[in-house]
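**Q** I have a structure here, written as structure tokens, and I will follow up with some questions on it.
The values are calculated or read from the model by the stated rules, or taken from the named source; none is laboratory data. For clarity, every value in this text was computed on a predicted model and none was experimentally measured. Cβ: placed from backbone, ideal geometry, glycine included. Neighbour counts: every protein chain shown. Note: areas computed on protein heavy atoms with side chains; ligands, DNA, RNA excluded. Shrake-Rupley method; radii C 1.70, N 1.55, O 1.52, S 1.80 Å.
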Amino acid sequence: MKTREPFKWVAVGTIWTWLALFALLPNAMVLVASVLERGQDQFFAFAFTLASYRRLLDPLYLSVLLDSLYLAALTTVLCLLIGYPFAYLLAQAPARRRALLLLLVIIPFWTSSLVRTYAMVILLKTNGLINQMLLGLGWISEPLELLYTTPAVIAGMCYALLPFMILPLYAALEKLDRRLIEAAHDLGAGRVTIFRRVIIPLTLPGIIAGAMLTFLPALGMFYVADLLGGAKTMLVGNLIRDQFLAARDWPFGSAASAMLTGLMALLMWAYYQSSRRANRGALP
Amino acid sequence: MKSDAVIELRNVSKAYERHTVLRNINLQVRAGEFLTLLGPSGCGKTTILRLLAGFEQADSGEILIAGRDMRALPPEQRHINTVFQSYALFPHLTVFENVAFGPRLQGVRGADLQERVLEALRMVKLEDYSARRPGQLSGGQQQRVAIARAVVNRPLVLLLDEPLSALDYKLRKAMQIELKQLQRRLGITFIFVTHDQEEALSMSDRVAVMNAGRIEQLGTPRQIYETPENLFVARFVGEINTLFGRVVAVDPPYYDICVHERIVRLKSKFIFASGDRVNILIRPEDLRIWREHEGSDEERATLFPAAVEDVVYKGSTVDLIIRLDNGDRLSTTQFFNEDDQAIVNLDFQPGERVFVDWVHDWEVILPHED
Amino acid sequence: MSVKRAARIAYLLLIYGFLYLPILVLVVYSFNDSKYSLEWRGLTWDWYQALLDDPDLWQVALNSALIATLSATVATVIGTMAAVALYRYRFFGKTLLNGLVFVLMLTPDIVMGIALLILFTSLSLPLGFWTLLLAHITFSIPFVVVSVLSRISGFDRYLIEAAKDLGASEFQTFRRVLLPMLAPAVLAGWLLSFTLSMDDVMVSFFVTGPSFEILPLKIYSMVRLGVTPEINALCTLMLGVTLSMVLVAQALLRDRGT
């Protein structure tokens with residue numbers, strides 16, 4: 001049989017080779033690099049140390065880390081609060097109109113986040129559209145400092161990442177069997193109970209998937225912090241970039257990156273658990 | 001060794017991992033015959049088709065098609081075609097191109113191709129639909145395209161894997177008749193897989209009843225229904241009542257059997273010894289119900305006293321659930337019979353006392369199985 | 001009832017407004033005949049003309065188009081084969097491969113960027129065209145796999161057997177059944193890969209060098225210096241490319257061959 005399936009061996013061989021070489025190997029190298037010492041003229045010196053991980057807990061870096069986690073968490077929560085009702089309404093829209101409504105979310109999903117962040121700059125500039133409008137309306141007498149503030153960064157990240165939250169939520173809500181809600185009504189559950197005990201648990205995988213697609217990039221998107229937050233190092237992403245391109249401390253940058261990978265693994269585990277629970281005892 | 005069998009399976013066994021699906025199957029299929037593999041799901045019937053088509057390899061045994069050993073031959077080189085349960089029509093091709101798929105691969109081109117495909121479509125009454133896509137056809141029409149796509153290759157054998165199971169009842173009945181006519185007209189050997197016993201009985205020349213990887217019985221529909229060789233076949237092919245008995249006197253082919261404290265003299269092709277335990281199998285339509293006032297006392301002495309437990313009106317028949325006084329439950333089918341004054345009135349009531357016996361010689365006696 | 005309906009529509013409009021208003025403003029101002037102020041001074045093509053007249057920009061745009069075309073093509077070939085293999089065959093490590101594809105898709109760009117940077121540096125590969133190409137192929141593959149796999153999973157699983165049953169060889173089955181049925185998804189995968197490559201900032205940021213500049217990074221360095229009408233025009237062009245690619249890709253993915 002094997003000789004009759006050359007295609008199988010070529011296809012499987014190619015993809016495995018590629019992923020091993022350009023996905024597994026580089027990430028393994030990051031892990032290794034994170035426990036090496038900083039080199040003199042090389043980027044690394046081949047000696048084991050946990051110094052880089054200890055430095056992540058240094059107050060200077062820890063505050064960046066915690067700030068970044070806070071910003072990312074806030075972005076994720078905001079996207080969820082805005083996105084969930086939106087995705088719900090989308091899933092309930094009549095099938096004919098739904099395709100178009102969905103397309104209007106898919107387009108920004110694929111659109112360059114850099115371009116969209118730049119569009120945000122235009123709005124928020126000192127002489128940007130929002131200030132001009134507020135001045136024109138006479139609500140303010142001098143322009144507000146909107147750009148280069150923390151709220152600007154949060155707004156920018158929400159703007160860039162909202163589609164990444166909406167699409168998985170929509171996928172989960174669209175799959176939701178309407179009969180389950182009717183059954184819950186029939187059994188005497190109120191609207192709040194249904195939402196809390198039926199809809200939320202069944203769409204939890206979608207919520208976690210959306211959180212994953214929002215939270216992780218929100219830690220890394222250094223250009224959003226650059227363009228909207230000014231020169232301050234605000235995100236883990238900026239920290240990592242600076243270690244690799246400015247400070248040239250690759251082991252430390254690798255340790256920060258390994259931490260992101262660890263967070264991703266944690267979220268994926270949560271996703272796996274929740275989707276198992278949501279699917280258990282559903283349809284055969 | 002020469003035989004008139006177009007397909008022959010010799011000691012074929014097959015297992016998936018540790019789960020055995022076929023055990024030592026021996027089967028000969030005659031040229032031009034309509035053979036049905038009948039059995040519950042998981043009995044191995046579909047696996048036989050897949051072995052014949054070449055999608056699976058047997059673990060042991062031989063598979064001969066037209067006298068040639070097929071084991072090394074991939075599906076595309078076998079002169080056999082399949083009608084899939086889900087039809088498996090190519091969604092990106094028109095009906096015409098679906099049917100033309102096989103002939104094209106054989107190098108048929110131009111007017112020949114046109115003629116062959118249209119002839120096949122005409123056969124299934126779909127010549128007007130050749131430009132459509134499968135997605136634009138009804139289930140029944142898709143089914144016909146699948147058949148046309150297979151028979152256009154003029155296969156030695158056509159394999160049909162539960163081809164009617166996706167159709168609704170009426171369409172299924174109509175397609176059963178059409179398929180049978182088509183098979184007669186083409187003279188192609190059909191091997192048909194189904195779990196529907198009625199379908200198997202009404203269409204086939206021979207039926208192989210399968211269970212747990214074995215062929216339990218191979219015979220004509222009549223043999224299968226009227227003289228099942230074991231309890232599984234008897235119970236799978238239609239509804240049947242089982243009475244327990246013990247042989248008390250032997251006079252082959254006649255046996256005196258004690259059933260519920262009554263001795264009945266019955267004929268059997270099996271050999272029993274005195275004291276053997278047996279099952280007496282009776283189809284519901286072979287049971288006779290006597291109402292309390294019917295028959296003489298003398299007649300009544302040989303009948304089994306019982307009570308009506310439930311009455312199910314079914315239009316052309318009335319089904320009664322009868323509880324014998326010793327506790328056995330029997331199900332009977334009573335036909336409205338306008339010529340017979342005695343039974344014309346079938347207004348049985350639950351709880352009504354009755355007497356039961358059956359038309360002797362219509363029963364089947366089998367050794368008791370635990 | 002109608003109040004509820006109005007509230008729903010208002011909410012949807014609000015969010016769509018949030019998603020589209022900034023982009024709309026960007027596009028409108030790319031045609032504004034004023035260099036410094038946001039005041040509308042009338043329609044002009046000047047900024048687009050300025051872009052066309054900039055030979056450096058042309059080179060950078062061509063670089064990007066080249067990388068996007070090549071990486072999308074290679075990723076499509078590898079990704080399509082992988083999806084077909086994942087659908088059709090059982091093989092060692094299949095579950096792991098499936099998982100790896102999804103992990104790769106979820107990996108934050110910055111993590112992938114520095115991981116590839118470390119790899120390329122260790123192999124002493126000079127950062128530029130080749131490293132960029134390898135990186136873009138890598139992050140595009142999962143999107144092709146998912147796009148093709150989701151279409152192929154919708155097929156009747158006996159179609160391939162049906163083709164063989166009718167006499168098609170392994171190659172004929174691929175050529176006459178699998179490929180034509182997968183074509184829309186394959187093409188969509190290519191278009192999406194192209195878009196990803198054209199728009200990528202983060203991974204490219206780490207794996208390219210000064211020898212090979214590409215459009216997103218050029219835009220990034222321009223944008224850091226401030227808002228100009230030329231950038232507006234350039235961003236609008238980028239938006240146009242993405243929009244057309246995504247529209248075609250979505251139309252292809254929606255087509256179910258009926």
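**Q** Filter region C:66-123 down to the residues that are more than 9 Å from chain A (Cβ to nearest Cβ), of a type in the set (A, V, I, L, M, F, W, C) and open to solvent by 50 Å² or more (accessible area, probe 1.4 Å) and list them by number.
**A** C:Leu66, C:Leu70, C:Val74, C:Leu96, C:Met105, C:Leu123
**Q** Next question, about the same structure. Which residues, counting only those in region A:169-225, are under 25 Å from the mean Cα position of the chain (by Cα), open to solvent by less than 30 Å² (accessible area, probe 1.4 Å) and β-branched (Val, Ile, Thr)?
**A** Those that are under 25 Å from the mean Cα position of the chain (by Cα), open to solvent by less than 30 Å² (accessible area, probe 1.4 Å) and β-branched (Val, Ile, Thr): A:Ile199, A:Thr203, A:Ile207, A:Ile208, A:Thr214, A:Val224.
**Q** I would also like to ask the following. Given the residues B:Phe90, B:Phe96, B:Phe101, B:Phe34, which is the only one that is touching an Asp or Glu at 6+ places or on another chain (Cβ under 6 Å) and among the aromatic types (Phe, Trp, Tyr)?
**A** Only one candidate passes the filter, namely B:Phe34.
**Q** Right, C:Leu192: of a type in the set (A, V, I, L, M, F, W, C) and surrounded by 24 or more Cβ atoms within 10 Å (Cβ to Cβ) or not?
**A** yes
**Q** Which members of region A:239-278 meet the condition of being surrounded by fewer than 19 Cβ atoms within 10 Å (Cβ to Cβ), free of Cβ contacts under 8 Å to residues at least 12 places away in the same chain and either within 9 Å of another protein chain (Cβ to nearest Cβ) or in a helix (DSSP H, G or I) (or both)?
**A** Hits for region A:239-278 are A:Asp242, A:Leu245, A:Gly262, A:Ala265, A:Leu266, A:Trp269, A:Tyr272, A:Gln273, A:Arg276.
**Q** Right, next: Taking into account only those residues within region C:237-252 that are among the polar types (S, T, N, Q) and facing chain A (nearest Cβ under 9 Å), which is least open to solvent (accessible area, probe 1.4 Å)?
**A** Step by step, filter region C:237-252, then rank; the result is C:Thr242.
**Q** Being in contact (Cβ under 8 Å) with a residue 12 or more places away in the chain and within 14 Å of another protein chain (Cβ to nearest Cβ) narrows it down to one of A:Leu36, A:Leu74, A:Leu56, A:Leu25, so name that one.
**A** Step by step, each of A:Leu36, A:Leu74, A:Leu56, A:Leu25 is checked, and only A:Leu36 is in contact (Cβ under 8 Å) with a residue 12 or more places away in the chain and within 14 Å of another protein chain (Cβ to nearest Cβ).
**Q** Show me the helices (runs of 4 or more DSSP H) found entirely inside region A:158-238 where at least 2 residues are farther than 22 Å from C:Val223 by Cβ.
**A** In region A:158-238, the matching helices (runs of 4 or more DSSP H) lie at A:178-186, A:191-194, A:200-220.
**Q** Next question. Taking only pairs six or more apart or across chains, which ones have beta-carbon atoms under 8 Å, a first residue in region B:244-264 that is within 20 Å of B:Asp357 (Cα to Cα), and a second residue that is among the hydroxyl-bearing types (Ser, Thr, Tyr)?
**A** Close Cβ pairs satisfying both conditions: B:Val247/B:Tyr255; B:Val247/B:Ser274; B:Val248/B:Ser274; B:Tyr255/B:Ser268; B:Arg262/B:Thr302; B:Val264/B:Thr302.
**Q** Does at least one position in region A:88-104 carry a residue that is touching a residue at least 24 places away in the same chain (Cβ under 8 Å) and either at the interface with another protein chain (Cβ under 8 Å from one of its Cβ atoms) or not in a helix (DSSP H, G or I) (or both)?
**A** Yes, because at least one residue in region A:88-104 is touching a residue at least 24 places away in the same chain (Cβ under 8 Å) and either at the interface with another protein chain (Cβ under 8 Å from one of its Cβ atoms) or not in a helix (DSSP H, G or I) (or both).
**Q** For region A:108-149, which positions are surrounded by 14 or more Cβ atoms within 10 Å (Cβ to Cβ), within 8 Å of chain C (Cβ to nearest Cβ) and over 22 Å from C:Pro216 (Cα atoms)?
**A** A:Gly128, A:Leu129, A:Gln132 - these are the residues of region A:108-149 that are surrounded by 14 or more Cβ atoms within 10 Å (Cβ to Cβ), within 8 Å of chain C (Cβ to nearest Cβ) and over 22 Å from C:Pro216 (Cα atoms).
**Q** Let me ask something additional. B:Ile48 - would you say it is in contact (Cβ under 8 Å) with a residue 24 or more places away in the chain, of a type in the set (Val, Ile, Thr) and either closer than 30 Å to B:Arg133 by Cα or in a helix (DSSP H, G or I) (or both)?
**A** Taking the combined requirement at face value, the residue satisfies it.
**Q** Could you grab me the full set of residues in region B:3-21 that are in contact with a helix residue (DSSP H, G or I) (Cβ under 8 Å, 6 or more places away or on another chain) and of a type in the set (D, E, K, R)?
**A** Scanning region B:3-21 gives a single hit, B:Lys14.
**Q** A further question on this structure: Among (1) among the aliphatic types (A, V, I, L, M); (2) assigned to a loop (DSSP other than H, G, I, E, B); (3) closer than 25 Å to A:Met212 by Cβ, which single condition is C:Ala115 missing?
**A** Going through the list (1) among the aliphatic types (A, V, I, L, M); (2) assigned to a loop (DSSP other than H, G, I, E, B); (3) closer than 25 Å to A:Met212 by Cβ, C:Ala115 breaks only (2).
**Q** What pairs come up if the first residue lies in region B:19-40 and is farther than 16 Å from B:Pro163 by Cα and part of a strand (DSSP E or B), the second is acidic (Asp, Glu) and open to solvent by 10 Å² or more (accessible area, probe 1.4 Å), and their beta carbons are under 7 Å apart, counting only those six or more places apart or on different chains?
**A** Hits for this filter: B:Gln28/B:Glu8; B:Arg30/B:Asp4.
**Q** Could you say whether any residue in region C:205-219 is within 9 Å of chain A (Cβ to nearest Cβ) and either at pLDDT below 90 or touching a Lys or Arg at 6+ places or on another chain (Cβ under 9 Å) (or both)?
**A** Taking every residue of region C:205-219 in turn, at least one turns out to be within 9 Å of chain A (Cβ to nearest Cβ) and either at pLDDT below 90 or touching a Lys or Arg at 6+ places or on another chain (Cβ under 9 Å) (or both).
**Q** Here are some conditions: (1) in contact with a Cys (Cβ under 9 Å, 6 or more places away or on another chain); (2) over 29 Å from B:Ile322 (Cα atoms). B:His195 meets all but one. Which one does it not meet?
**A** Here B:His195 meets the rest and fails (2).
**Q** Anything in region C:124-140 that is of a type in the set (S, T, N, Q), crowded, with 22+ Cβ neighbours inside 10 Å and either more than 9 Å from chain A (Cβ to nearest Cβ) or touching a strand residue (DSSP E or B) at 6+ places or on another chain (Cβ under 8 Å) (or both)? List them, or say none.
**A** C:Thr131, C:Ser140 - these are the residues of region C:124-140 that are of a type in the set (S, T, N, Q), crowded, with 22+ Cβ neighbours inside 10 Å and either more than 9 Å from chain A (Cβ to nearest Cβ) or touching a strand residue (DSSP E or B) at 6+ places or on another chain (Cβ under 8 Å) (or both).
**Q** State all residues of region B:219-271 that are closer than 23 Å to B:Asn326 by Cα and either open to solvent by 60 Å² or more (accessible area, probe 1.4 Å) or among the basic types (Lys, Arg) (or both); if no residue qualifies, say none.
**A** Result: B:Arg235, B:Glu239, B:Phe244, B:Arg246, B:Val248, B:Glu261, B:Arg262, B:Ile263, B:Arg265.
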